[in-house]
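The numbers here are math on the coordinates, done by the rules we state, and not lab data. Since the structure is predicted, the reported quantities are computational estimates derived from the model, not experimental observations. Cβ atoms come from the backbone with ideal geometry, glycine included; neighbour counts cover every protein chain shown.
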Amino acid sequence: MTSPSPTSPPSAAPVDPDRPEVAPVRAGEELDWSALEAHLRAELSDRLELGPGFSVEQFPHGSANLTYRVALGDMKLVVRRPPFGHIAAGAHDMLREYTVLSRLGTAYPRAPLGLLHCADESVVGAQFLVSEYRPGIVVWDQVPASMAHVPDAGRHLGMATIEALADLHAVDYEACGLADLGRPEAYLERQLRGWARRWADVATEGAESVTRAGERLAATMPTTRVAGVLHNDFKVDNCQFRPDDPTTVVSVFDWDMATLGDPLCDLGTLLNYWPQGDQPNAVPGLAALGLPSRDEVVERYLSRRGIEATAQEIDWYEAFGCWKTAVILQQLFVRHVRGETTDPRMAERGASVVPLAERTFDLVP
C-alpha cells in the first residue's frame, strides 16, 4: 500500500436537498466494514486525524464503481472499489486512479488527492483506493436550487465544464510525474481495437450497428496531433461545483480510466453527452439545464487550448464518443442481465445502445 502526504479535512458546505449527495448503502453492496475500518486506521492514523466512531454512506448516482463516504470521527474519506461480478480487462483500475490522484493535483487542483491504494483483496473483496472527500454539488438534470439565483446558470455550468476539460489537456504530464500513465503512440488504433473486443464480449442480437460503427470509425480515423492526459469519461456529472457558484468546476471525479493519448477523445466523449436538439445522447436529462450549444463549447475548448480542428475532425471524435459510450452502456446492461448488480438503473442502460451507435453514421457518413 502506498500513500502521499496527509491532507487536512475540508470545510463543510451545503448540499442540494433535492438530490442528496449520499444515501444508505444499497442492499447487496455492503462490504466488510470492520475490516475496512481496521485497515484505514492502521494505514492512515499517523497522517490524518481519525476520530472515534465509524459510519458509511454510499454515493448513489454513479453507474459502475462502488463509491462510499466513510466517516471516522469528523474525518470524511472517499472509498472506491470495482463493481461486483465480471470485470473487463483494464476496466475499473483502482491503482491507475490512485496514481493519477496522488500526482495530478499539483498541476490540476480539480483532482482530489489520492491518499491510499490497497492491493490486498481480502479487506473488502477487491483492490480499492481512498481519496480526500470534498464537499460540494454535482449537477444532473436540473439547475440546483442553490444556484437558481444566478442568471444563465446552465450556460455558466456548461462553459465551466468545457474550460475544466481544456485545462486538463494543458497539463504537462511529465512535470507532474505521469509520463508512465500510458502510451500515447498509436493511441487511437489501440482504442478502436480495444473497444471492439469489449463489444464482442457483450454483444447481443439486434445490435449489429455497433459492430459496423466501429468499422466505420477505423476506416476514417484521423491523425493525433499532440498527446495529453485523458480523463476518458469527462462529463457534467463527473464535475463538482460550489453549491452557489456555477462558474467554476472545483473537482473532477472518476479517474479510473485516465491515460495518455489524444485529448480530442475527451472532447468527443463530452459532446456525446451534450444535448443537441432531437439527437440521441447518453444523458437526455441535460437538455433541461440550459447549457450552451455544442458549437459554442467546441469553440471555447479550441480557443482556450489555442488549437485548431476542422468540423469533420470534431465530428469523428464525437462519433467515437458515441460508439464507446454505447459499448459501456451495453456492459452495464449485461451486468444487470447476469445478476451482478442490484442497481435498478442498469436495466435501462441497453435502450440507448443502438441509437448511439447509429448516431455514429450521422457524424461520419
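Convert 20 °C to kelvin, take the viscosity as 1.002 mPa s, use the Kirkwood radius over C-alpha pairs of the chain as Rh, and evaluate the Stokes-Einstein diffusion coefficient in µm²/s, rounded to a whole number.
101 µm²/s
Among Y108, F128, G85, whose Cα lies farthest out toward the positive end of the dipole of the range 55-162, if unit charges sit on the beta carbon of Lys, Arg (+1) and Asp, Glu (-1)?
Toward the positive end, the furthest listed residue is Y108.
According to the square roots a ≥ b ≥ c of the eigenvalues of the Cα gyration tensor, what is the shape class of the range 107-179, taking rounded for a/c under 1.5, prolate for a/b larger than b/c otherwise, and oblate for the remainder?
Since a/c reaches 1.5 but b/c is at least a/b, the shape of the range 107-179 is classed as oblate.
Can you find, among G206, A166, P344, the residue sitting farthest towards the positive end of the charge dipole of the range 145-363, where Lys and Arg contribute +1 and Asp and Glu -1 at Cβ?
Of the options given, the answer is G206.
Take the alpha carbon gyration tensor of the range 33-132, find the square roots of its eigenvalues, order them as a ≥ b ≥ c, and report rounded if a/c is under 1.5; if not, report prolate when a/b exceeds b/c, else oblate. Intermediate values should be presented prior to the final figure.
Working: a/c = 1.58, a/b = 1.16, b/c = 1.37.
Because a/c hits 1.5 or more and a/b fails to exceed b/c, the range 33-132 counts as oblate.
Considering the dipole of the chain built from charges on the beta carbon (Lys and Arg +1, Asp and Glu -1) around the Cα centre, which of S55, P246, A227 is farthest to its positive end?
Towards the positive end, the residue furthest out is A227.
Which is the longest part of the chain that has none of the GluC sites (Glu not before Pro) sitting in a DSSP loop with at most 10 other Cβ atoms within 10 Å?
1-173
Nothing charged except the Cβ atoms of Lys and Arg (+1) and of Asp and Glu (-1): what's the magnitude of the dipole of the chain about its Cα centre? Round to the nearest 20 debye.
Its charge dipole is roughly 280 debye.
Between T211 and E358, what length comes free when the chain is fully extended (0.36 nm per residue of separation minus the Cα-Cα distance, one decimal in nm)?
51.9 nm
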